[in-house]
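Below is one structure, written out as structure tokens, with a few remarks after it.
The values are calculated or read from the model by the stated rules, or taken from the named source; none is laboratory data. This one's a predicted model, so the numbers in the text were calculated from it and none came from an experiment. Every residue, glycine among them, receives a Cβ derived from its backbone with ideal geometry; neighbour counts consider all protein chains shown. Areas reflect the complete protein model, heavy atoms only, side chains present, ligands, DNA and RNA absent. Shrake-Rupley method; radii C 1.70, N 1.55, O 1.52, S 1.80 Å.
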Amino acid sequence: MRALPFPLKLDLSGNSPIFVQISKAIAADIARGRLKPGVALPGTRSLALALGVHRSTVVAAYAELLAQGWTGTRQGGATYVATESPEPTPRRWVKGGKKLHVVGSQLGFVVEASPIHVKTLPPASVRDPIFMWGGVPDLRLVPVELLARAYRRVARRYGQTLLGYHLDGRGHPRLRSALGQFLSSTRGIAVGEDNLIITRGSQMALDLVARSLLRPGDGVVVESPGYLSAFNVFRRAGAEVIPISVDAHGLDMAALERVAQRRKIRLIYVTPHHQYPTTVVLSPGRRLALLDLARQKQIAILEDDYDQEFHYDGRPVLPLASHDEYGNVIYVGTLAKVLAPGLRLGFVVAPSPLVERMADERVLIDRQGDAVLECAVAELLEDGDIQRHVRRTRRIYEERRDALCEAVDTHFSGILSYSRPAGGLSLWARVAPSVDVARWEAQSRKLGVHFQTGQQFTYDGHAIPFVRLGFSSLDSGSLEVATRRMLEALSALKRKSNNR
């Protein structure tokens with residue numbers, strides 16, 4: 001038996017595992033030079049007998065030393081001290097070892113401040129908060145069982161191939177094919193597989209378009225008020241973002257044409273079906289004028305059709321992309337409202353050269369999507385399950401829209417004025433001058449109702465007297481509670497004002 005050239009004391013009653021104590025003691029003596037490089041350690045059976053422990057304990061200690069680089073093995077299984085010490089002190093210990101370094105706030109390198117500040121969601125102020133944010137589907141209606149069954153079937157049947165790496169950054173061809181047929185039948189867009197790329201939500205879609213199309217200094221026209229997250233994507237790409245106002249008929253085309261006369265525009269970002277956030281529909285005359293301007297000036301139109309499925313009054317207006325004859329329109333959509341935001345499924349329809357470029361950009365940041373999920377959703381589309389789910393939720397959301405409008409008419413007459421939205425998942429309402437919108441929202445939040453103010457949708461963050469009230473996630477009980485709390489918030493503001 002080779003004896004260790006030092007005494008090794010074990011604390012059998014301590015909190016640290018015995019194998020850790022053994023490996024720490026040996027590593028420490030290697031570090032301080034008491035055990036020289038190349039020296040053979042006792043065999044596991046001999047050391048276990050000398051220490052009065054089970055052989056497996058010594059095997060675990062030697063394995064820990066080997067994993068850290070303190071020891072090596074020779075033919076026959078003998079363990080010896082490594083010729084080069086990995087570090088002056090042990091670099092890794094399991095439970096009971098050296099205290100870990102805590103990552104702090106100090107940087108050892110330079111990081112520039114972000115030009116874009118993304119607000120986090122405010123914490124809930126009461127036990128049962130009600131969120132009236134627009135564009136949020138009711139997750140209680142999601143066909144979870146159908147999705148789970150489809151996921152299990154696909155995983156069992158094709159898991160060996162779908163769970164590996166995929167070379168096509170456009171997404172799985174099965175979902176591209178099923179989604180192309182869905183868009184053709186519901187939105188009038190003739191889509192080939194080469195014209196469609198699947199993304200992780202519409203936000204990635206916007207980002208990939210910006211990465212593929214924009215260069216610093218490019219002019220990008222956006223709607224105002226509008227979608228702040230899209231503005232930030234364009235800003236990060238270095239574009240000059242040019243806000244154009246929206247009225248009751250959509251984007252102000254006269255203002256856009258004046259801008260186009262004095263400078264080059266690379267991209268126009270629009271939400272023509274239900275303008276975000278006002279929900280107004282871009283008028284037919286302005287649609288034709290927009291397409292004509294894009295053709296004449298060779299401008300790309302980025303059409304964000306984020307809630308096409310939810311139109312209640314009359315027939316939904318077909319997308320600009322369904323009328324595009326010259327390859328100017330880039331069409332972005334999402335399944336977040338149809339199914340659930342957490343699934344992170346969006347898509348882009350565009351001429352194939354741009355799709356190829358976007359696929360190249362996509363593999364640099366994400367490589368591929370979730371092939372199992374994509375095939376499961378494709379199966380739901382092929383079987384018509386998603387189409388049936390859309391019809392069901394459309395009826396429910398229409399009822400909730402009407403219920404919210406009735407509640408506003410009953411309880412907020414003289415406070416809120418609006419035009420009943422023909423579609424979408426929210427109500428855009430003007431607030432009377434007598435009400436401080438920011439204070440009302442803050443007071444409502446204290447009482448557990450969260451809604452959005454118009455300021456959250458302006459390009460430069462200036463306040464406007466509007467609120468956005470989402471109705472899609474509110475059943476009758478939630479709507480009643482939300483209405484009561486908003487009224488209480490208004491009463492509290494009036495009392496504070498009278499006490500001044």
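A few remarks follow.
- Over the chain, DSSP H runs of length four or greater, each weighted -39,500 (n - 2.57), average out per residue to a 222 nm ellipticity of -13000 deg cm²/dmol.
- Peptides 20-26, 237-243, ordered by how many other C-beta atoms sit within 10 Å of their residues on average, highest first, read 20-26, 237-243.
- Region 141-249, accessible surface, carbon-and-sulfur percent (1.4 angstrom probe): 52 percent
- Sorting the segments 391-402, 333-344 by their residues' average number of neighbouring beta-carbon atoms within 10 angstrom, most packed first, yields 333-344, 391-402.
- In the full protein context, region 169-249 carries 35 Å² of accessible surface per residue, based on a 1.4 Å probe and ignoring ligands, DNA and RNA.
- Kirkwood Rh in Å, taken over all unlike Cα pairs in the chain: 27.3 Å
- Share, in percent, of DSSP beta bridges within the chain that are antiparallel, nearest 5: 60 percent
- Under the span-like rule (Cα at least 15 Å along the axis, Kyte-Doolittle mean at least 0.5), DSSP H helices of the chain: 18-31, 55-68, 201-213, 371-383
- In terms of its C-alpha gyration tensor, region 416-476 comes out oblate, because a/c is 1.5 or above while a/b does not outweigh b/c.
- Rounded accessible area of residue 131 (nearest 10 Å², 1.4 Å probe): 70 Å²
- For a paramagnetic label modelled on residue 153 (point 7 Å from Cα along Cα→Cβ), amide N atoms under 17 Å away belong, within region 334-373, to 372-373.
- For region 329-441, accessible area per residue (1.4 Å probe, heavy atoms of protein chains only), Å²: 39 Å²
- Anisotropy class of region 347-500 from Cα gyration tensor, a/c 1.5 cut: prolate
- Accessible-area composition of region 357-440, carbon plus sulfur, in percent [1.4 Å probe]: 44 percent
- Database remark: amide H of residue 466 closer than 5 angstrom to the amide H of 431, 454, 455 (H placed geometrically; neighbours at sequence offset of 5 or more, or on other chains; Pro and chain starts carry no H).
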